[in-house]
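For reference, the structure discussed in these notes is given below.
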Amino acid sequence: MSQAAVLDHTLGVEPAETPLTPESWGKLGMWLFLAGDAMSFGGLIAGYAALRIGDPVWPVPSTVLGVPFTAVMTFLLICSSVTMVKALEAIKRGDQAGLRRFLGLTILGGACFLGMQAREWTHLIEHVMTLTSKGLFGATFFVLTGFHGCHVFSGVVYLSCIFANSAAYSKEDHNPVEIVGLYWHFVDLVWILIFTFVYLI
Amino acid sequence: MDTTHAEPNYMGIFYWLFGLTVAELAVAYMPIPKGLMVAALVGLAFVKATLVAMYFMHLKFEKRILAVIAVTPPVLLVMFLFITYPDTAWRLFTQWAAH
């Protein structure tokens with residue numbers, strides 16, 4: 001803790017740094033939010049697993065869902081995670097053009113993912129199943145992938161706000177870019193699990 | 001804030017994630033026993049998720065206590081599974097015993 005921070009502390013002012021994430025309180029806030037969000041996804045995935053294990057006539061997912069199509073979606077999200085770390089790397093060097101280029105690519109990746117998911121849902125709802133027409137299989141599928149899709153949508157909006165504000169970030173001050181990155185990688189991480197549990201197994 | 005660690009090789013992580021995804025697809029279409037397939041897929045997904053958290057989310061370079069926050073939900077989830085799954089197991093057992 002710097003001398004100034006110690007002085008602030010003795011004067012009863014909230015210290016400017018946190019022992020967990022020295023960069024900012026916001027980063028600790030995002031980690032705590034993600035821990036809570038992980039509980040939501042964890043509860044949904046655990047419920048899905050219990051319902052599926054207990055159901056003697058669960059269809060083989062690859063016979064109902066388009067696995068190659070969603071494999072491309074998975075690839076897209078992994079790529080957008082890479083462009084996200086590249087965006088952070090760029091602004092750490094003070095490269096604002098690089099930040100904008102890679103943030104733009106990340107937003108594009110997220111938007112393409114959403115477009116593909118909309119197409120997948122449209123096909124499924126028109127020709128295969130709705131939320132209630134195929135028992136627990138359809139219900140758990142739409143709830144899990146829908147909840148994740150809402151996160152991707154929020155992520156695209158969040159990334160767009162950071163993009164719009166990108167002129168404000170510099171080599172010294174770029175914490176919001178790191179925080180949006182945490183959120184975006186978490187969304188990617190959850191999709192890795194959903195792709196495995198819902199589509200492949 | 002001064003970042004003391006070197007930037008990880010992000011492209012290297014990307015190739016690992018891509019390779020593991022291809023491996024997952026291969027396992028999913030392989031004619032192997034269901035139990036083995038599920039174990040392999042869960043293992044591969046766990047490795048991929050860990051790579052994302054450790055390198056993309058920089059957990060490897062953060063304070064240990066932040067990692068404790070991050071692993072709390074999975075640990076609680078496993079506890080939750082052990083609390084609720086005996087119910088499912090019992091239902092499956094009674095179905096099996098009735099035949």
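The values are calculated or read from the model by the stated rules, or taken from the named source; none is laboratory data. On a predicted model such as this, the values are computed, not experimentally measured, just so you know. All Cβ positions, even for glycine, are placed from backbone atoms using ideal geometry, and neighbour counts span all protein chains on display.
For this structure, a couple of remarks:
- Residues that are away from chain B (no Cβ under 11 Å) and charged (D, E, K, R) do occur in the range A:96-114, at least one of them.
- Exactly one residue out of A:188, A:173 is among the acidic types (Asp, Glu) and assigned to a loop (DSSP other than H, G, I, E, B), and it is A:173.
- Any chance residue A:152 is within 18 Å of residue A:192 (Cα to Cα) and surrounded by fewer than 19 Cβ atoms within 10 Å (Cβ to Cβ): no
- Options B:38, B:68; residue that is over 16 Å from the mean Cα position of the chain (by Cα) and without any contact (Cβ under 8 Å) to a residue 12 or more places away in the chain: B:68
- Lone unmet requirement of (1) away from chain B (no Cβ under 14 Å); (2) surrounded by fewer than 15 Cβ atoms within 10 Å (Cβ to Cβ) for residue A:129: (2)
- Members of the range A:125-139 found to be touching a Ser or Thr at 6+ places or on another chain (Cβ under 8 Å) and hydrophobic (A, V, I, L, M, F, W, C), listed by number: A:139
- One residue stands out in the range B:35-45 among those that are out of contact with any helix residue (DSSP H, G or I) (no Cβ under 8 Å at 6 or more places or on another chain) and more than 9 Å from chain A (Cβ to nearest Cβ): the one that is modelled with the lowest pLDDT, namely B:35.
- Number of positions in the range B:51-73 that are facing chain A (nearest Cβ under 7 Å) and surrounded by 15 or more Cβ atoms within 10 Å (Cβ to Cβ): 8
- Test: residue in the range A:110-120 that is touching a Lys or Arg at 6+ places or on another chain (Cβ under 9 Å), closer than 27 Å to residue A:173 by Cα and modelled with pLDDT of 95 or more: no
- Picking from residues in the range A:76-120 that are small (Gly, Ala, Ser) and within 14 Å of the chain's Cα centre (by Cα), the one that is farthest from residue B:15 (Cα to Cα) is A:111.
- Test: residue A:184 is closer than 23 Å to residue B:22 by Cα and in contact with a Gly (Cβ under 8 Å, 6 or more places away or on another chain): yes
- Of all residues in the range A:104-160, those satisfying the criterion of being assigned to a helix (DSSP H, G or I) and among the β-branched types (Val, Ile, Thr) are A:106, A:107, A:122, A:125, A:128, A:140, A:143, A:145, A:152, A:156, A:157.
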